[in-house]
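The values are calculated or read from the model by the stated rules, or taken from the named source; none is laboratory data. Computed from a predicted structure; not experimentally measured. So basically every Cβ, Gly included, is an ideal-geometry build from the backbone, and we count neighbours across all protein chains shown. Please note that ligands, DNA and RNA were not included when accessible areas were found on the heavy atoms of the full protein model with its side chains. Shrake-Rupley method; radii C 1.70, N 1.55, O 1.52, S 1.80 Å.
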Amino acid sequence: MLTIDKYLRPATLEEAYEAAQKKNSVILGGMLWLRLGNRRIGTAIDLTGLVPDGIEDTGDTYRIGAYATLRTLETHEGLNILTDHAVRDSLCSIVGVQFRNLATAGGSIFGRFGFSDVVTTFLALGASVELYKTGTVTLEEFCTMGRVNDILTHIVLPKSPVTASYLAHRNAATDFPVLNTCAALCDGILTVTVGSRPLRAVPYRFPTDSGISAENIAETVAGQTVFASNTRASEDYRRHLCRVLVRRAVTDVLEKSAAKAAREVK
Ligand SMILES: Cc1cc2nc3c(=O)[nH]c(=O)nc-3n(C[C@H](O)[C@H](O)[C@H](O)COP(=O)(O)OP(=O)(O)OC[C@H]3O[C@@H](n4cnc5c(N)ncnc54)[C@H](O)[C@@H]3O)c2cc1C
């Protein structure tokens, strides 16, 4: 059971940050993951009013507030047109609509969960995170950092034209993914991420002018990625899935990219 001694709704981010430095303090997101814990929280810090729950179009980025829900991301037209609906595709199997109406983008990214569909997708799309004290860091860098005692205020997605595809395998609908991948082609670089290995997602990059095929990319990624076994699947099965899903996602991206180029010529 989760026990909270003190609930705090700070007036400023500075006050929230200072409170978060104390032992046993916790920043609240949608509390869907936190509530499953069996622990005693000293101070639970609610960021309502301090971090946005919407998505701002700044012209060259989408700046997503930490308290934007997964459902807000999933149904955001601009975000989905930009990403060929990869954002929607990666979120729509997470538990259910009611759940996604509560789970926050900030909590999902800050948790850096190994099973995350959200991290796998935003990593491939070249997102950055804004941390109150640390400043802006790429999501790739954030994923390699140790324990971070900061407040995530925004997730920033560049609006550079991208062709993307998201795929995952689940043993049962709405369960955690057994493996997930996102391929995103932007400015001649194809980024492929592999997550739910069940370790944290990792990115790979391939210049498209190298002429490397989807099959070769899938072989390379499956060969270089470290997988592990857990109750959902074995290491070997994950490697097999990786080969199949990466090949399909990359093929999809290359086909969509060729179709876009053909439309532009007309
Ligand atoms: C049953 C279940 C099934 C799930 N299945 C999937 C799945 O299939 N795929 C998937 O991708 N995800 C899945 N998730 C994860 C889920 O989508 C959310 O990512 C998760 O619940 C965290 O979001 P939250 O808003 O509830 O954060 P919380 O649970 O409130 O917080 C999570 C962590 O982030 C910290 N935190 C929250 N917000 C901030 C902030 N702004 N700054 C700093 N720290 C912060 C909290 O202190 C806590 O440590 C699942 C979760 C559950 C409970």
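Annotations
A quick yes/no check of all residues on (1) closer than 27 Å to LYS23 by Cα; (2) assigned to a loop (DSSP other than H, G, I, E, B); (3) in contact with a Phe, Trp or Tyr (Cβ under 9 Å, 6 or more places away or on another chain); (4) modelled with pLDDT of 95 or more:
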| site | (1), (2), (3), (4) |
| --- | --- |
| ARG63 | no, no, no, yes |
| THR72 | no, no, no, yes |
| ASP89 | no, no, yes, yes |
| SER93 | no, yes, no, yes |
| LEU123 | no, no, no, yes |
| THR136 | yes, no, no, yes |
| ASP150 | yes, yes, yes, yes |
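- Top-ranked residue of segment 62-88 - restricted to ones that are farther than 24 Å from LEU131 by Cα and of a type in the set (Asp, Glu), ranked as nearest to the ligand (Cβ to nearest atom): ASP84
- Looking only at residues in segment 1-58 that are hydroxyl-bearing (Ser, Thr, Tyr) and free of Cβ contacts under 8 Å to residues at least 40 places away in the same chain, the one that is most open to solvent (accessible area, probe 1.4 Å) is TYR7.
- VAL156 fulfils the conditions (1) part of a strand (DSSP E or B); (2) within 11 Å of the ligand (Cβ to nearest atom); (3) under 19 Å from GLY54 (Cβ atoms) except for a single criterion, (2).
- When ALA164, ALA172 are checked against the criterion of being within 14 Å of the ligand (Cβ to nearest atom), under 24 Å from ARG247 (Cα atoms) and either in a strand (DSSP E or B) or not charged (D, E, K, R) (or both), ALA172 stands alone in meeting it.
For every residue, the table says whether it meets (1) among the small types (Gly, Ala, Ser); (2) under 25 Å from PRO203 (Cα atoms); (3) touching a Cys at 6+ places or on another chain (Cβ under 7 Å).
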residue: LEU47; (1), (2), (3): no, no, no
residue: TYR62; (1), (2), (3): no, yes, no
residue: LEU82; (1), (2), (3): no, yes, no
residue: SER93; (1), (2), (3): yes, yes, no
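- Within segment 95-112, considering residues that are more than 6 Å from the ligand (Cβ to nearest atom) and in contact (Cβ under 8 Å) with a residue 40 or more places away in the chain, the one most open to solvent (accessible area, probe 1.4 Å): LEU102
- Test: residue in segment 230-238 that is in a loop (DSSP other than H, G, I, E, B) and touching a residue at least 60 places away in the same chain (Cβ under 8 Å): yes
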